[in-house]
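> Quick one: structure below, then a few questions.
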Amino acid sequence: MKLKEFLPLELVTKPVLTTQEYCYYSNFAEQTAWLHACKETGPVRPIRLGRRLGWPTKAVKELCGVA
């Protein structure tokens with residue numbers, strides 16, 4: 001199984017990250033991210049895109065201390 005490779009966060013330009021990308025950059029488990037989304041208690045508030053969640057790149061960068 002090939003692991004997905006991620007760009008450094010400072011090079012990401014798209015406005016919304018997937019849950020997998022958010023968890024990689026913020027070092028959260030996916031279950032933790034889903035729990036934060038359900039209870040609305042996490043450091044980043046996701047955007048609901050149908051049945052999926054999108055995580056604002058700008059907020060993730062602020063969380064991780066990336067300019």
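> Within the range 1-20, track down each residue that is of a type in the set (A, V, I, L, M) and in a loop (DSSP other than H, G, I, E, B). Outline the logic, then answer.
To start, the set of residues in the range 1-20 that are of a type in the set (A, V, I, L, M) comprises 1, 3, 7, 9, 11-12, 16-17.
Met1, Leu3, Leu7, Val12, listed by residue number.
> If the Cβ limit is 7 Å and pairs must be 6+ apart or interchain, which residue in the range 13-28 that is over 20 Å from Arg51 (Cα atoms) pairs with which residue that is open to solvent by 60 Å² or more (accessible area, probe 1.4 Å) and among the hydrophobic types (A, V, I, L, M, F, W, C)?
Close Cβ pairs (under 7 Å, with a partner that is open to solvent by 60 Å² or more (accessible area, probe 1.4 Å) and among the hydrophobic types (A, V, I, L, M, F, W, C)) amount to Ser26/Leu63.
> So, in the range 15-44, how many residues would count as being surrounded by 10 or more Cβ atoms within 10 Å (Cβ to Cβ), closer than 21 Å to Ala67 by Cβ and not aliphatic (A, V, I, L, M)?
Within the range 15-44, residues that are surrounded by 10 or more Cβ atoms within 10 Å (Cβ to Cβ), closer than 21 Å to Ala67 by Cβ and not aliphatic (A, V, I, L, M) number 7.
> Within the group Leu35, Leu49, Leu17, which residue is modelled with pLDDT under 95 and not basic (Lys, Arg)? Before the answer, list the steps.
Values: Leu35 fails: modelled with pLDDT under 95; Leu17 fails: modelled with pLDDT under 95.
Residue meeting the stated conditions: Leu49.
> Another question about this same structure. Being more than 18 Å from Glu62 (Cα to Cα) and outside any loop (DSSP other than H, G, I, E, B) is the filter here; which residues of the range 21-36 pass it? Break it down stepwise before answering.
Looking only at the range 21-36, we keep the residues that are more than 18 Å from Glu62 (Cα to Cα), and these are 29-32, 34-35.
Listed by number, the residues that qualify are Glu30, Gln31, Thr32, Trp34, Leu35.
The values are calculated or read from the model by the stated rules, or taken from the named source; none is laboratory data. This structure is a prediction, so every number in the text was calculated from the model and none was measured. Neighbour counts run over all protein chains shown; Cβ positions are idealised from the backbone, glycine included. All accessible areas refer to the heavy atoms of the entire protein, side chains included, with ligands and DNA or RNA removed. Shrake-Rupley method; radii C 1.70, N 1.55, O 1.52, S 1.80 Å.
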